[in-house]
Structure formats: structure tokens, C-alpha cells
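To keep things clear, I will list the structure first and then write my remarks on it.
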Amino acid sequence: MLCHITEVKVRYAETDQMGIVYHGNYAQYLEIGRTDWLSALGFSYKKMELEGLMLPVVILNINYCKSAFYDDILTIKTTLIKMPKISIEFDYEIKNAQGELITTAYSKLVFVDAKTRLPRQCPQIFLDQLHN
């Protein structure tokens, strides 16, 4: 389905004493990829939240294949798995500048009404944009 590519440069603060990216930082890289994916479609988390829609992560699976290091340029490929309904699902691949696979991941987020905190249908405007 729809995919988007984002590049990030590993900052020193994201690494451990050995210069290797700390495993917990990969969730942030995935969020960067996901928000850039949304932005490329013309949406922003901030605007959606102001309009009363939240997208909490309910599942996050990360597979670590190879280490990433300080100053590496990482390419995050974010791919929509299927058309969203109440939830939206993504697959991710993170590669280094040499094209080596660093990480694969999967996330599932649920559309939630900010006031009621209950799940809701994906907004039609979002679906319409996916079909364009």
C-alpha cells in the first residue's frame, strides 16, 4: 500500500557508551516515520488532536537485525498495511546508508475520540485522501 521514506541522522544522545543506538530510541524513529507519512498525506498529529482525534499505539513489535551507530544516516520506510477502519497498521524497515537492514517493526494505532476516550471510525476525510 502507501509507503513513505524518511531519513534521520543518529544523534550522540541516542547512543550508549559504545556508540550504538539504544534500543528504546527505535520507537522514536518509528514515530518520526509515521508522522512524516501522515504529513506527506496532508495530515498532522497536532491538527488531528486539536480536532478531537487521538491515535494511541496499542501494539508495537520491533525486531533488531543489526546495530545502528552514532552519526549513521538511517532510512525509515513506513508502509500502510491495509485501509484503516477503527485502527491503522504500519510496517517499518530501517536501513543504514549502506542499505543494510537494521530493524523491522509493526505498529497498530487506534482512532480514539479525545473527549470520550472511546474508539471511533477513521475519519472519512482521511480515507478520501488515501484513495487519491
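Every number in this text was worked out from the coordinates using simple rules, so none of it is lab data. Since the model is a prediction, treat every value here as computed from it, not as a measurement. Glycine gets a Cβ as well: all are built from the backbone with ideal geometry, and neighbour counts include every protein chain shown.
List, in order, the whole-Hz ³J(HN,Hα) value for each residue of the range 39-46 obtained from phi through the Karplus relation with A = 6.51, B = -1.76, C = 1.60 and θ = phi - 60°; use x for Gly and Pro.
For the range 39-46, the Karplus-derived couplings read 4, 5, 8, x, 10, 9, 4, 4 Hz, x marking Gly and Pro.
So who's got an amide H within less than 5 Å of the one on SER87, skipping anything under 5 residues away but keeping other chains? H placed 1.01 Å off N, in plane.
PHE111
Could you give the dipole magnitude of the range 90-129 about its Cα centre, charging the beta-carbon of Lys and Arg +1 and that of Asp and Glu -1, in debye to the nearest 20?
I would put it at about 300 debye.
Given an 8 Å cut-off on Cα distances and at least 6 residues of separation, report the relative contact order of the chain as a percent.
28 percent
Going by amide H atoms built from the backbone, whose H comes under 5 Å of the H on ALA68, apart from near neighbours?
It is VAL21, by chain and number.
Among TYR22, THR6, THR35, whose Cα projects farthest towards the positive end of the dipole of the chain, with charges put on the beta-carbon of Lys, Arg (+1) and Asp, Glu (-1)?
Farthest towards the positive end: THR35.
In a shell of Cβ-Cβ distance under 15 Å around ILE102, excluding ILE102 itself, what net charge do Lys and Arg (+1) and Asp and Glu (-1) give?
-3
Output ³J(HN,Hα) for the range 122-132: one whole-Hz value per residue in order, computed from phi by the Karplus curve 6.51 cos²θ - 1.76 cosθ + 1.60 with θ = phi - 60°, and x for Gly and Pro.
4, x, 4, 4, 5, 4, 4, 5, 5, 7, 7
Let me have the 222 nm mean residue ellipticity of the chain computed from DSSP H runs of 4+ only, each contributing -39500 (n - 2.57), with the sum over all residues rounded to the nearest 500.
Result for the chain: -6500 deg cm²/dmol, rounded to the nearest 500.
Report, by chain and number, residues whose modeled amide H sits under 5 Å from the one on THR15, excluding near sequence neighbours (fewer than 5 apart, same chain).
Hits under the 5 Å cutoff: TYR22.
Taking the inverse of the average 1/r across all pairs of different Cα atoms in the chain, what Kirkwood radius in Å do you get?
That comes to 15.6 Å for the chain.
Within a Cβ distance under 15 Å of LEU130, other residues only, what is the Lys/Arg minus Asp/Glu net charge?
+1
First select every other residue whose beta carbon is under 14 angstrom from the beta carbon of ARG11; then total the charges, Lys and Arg +1, Asp and Glu -1.
That works out to -4.
Could you calculate, for the range 87-132, the ratio of the Cα radius of gyration to the Kirkwood radius, expressed as Rg to Rh?
The Rg/Rh ratio comes out at 1.18.
Starting at the first residue of the range 55-61, write each ³J(HN,Hα) from the Karplus equation 6.51 cos²θ - 1.76 cosθ + 1.60 with θ = phi - 60°, in whole Hz, x for Gly and Pro.
Along the range 55-61, the couplings run 10, x, 6, 10, 9, 9, 10 Hz.
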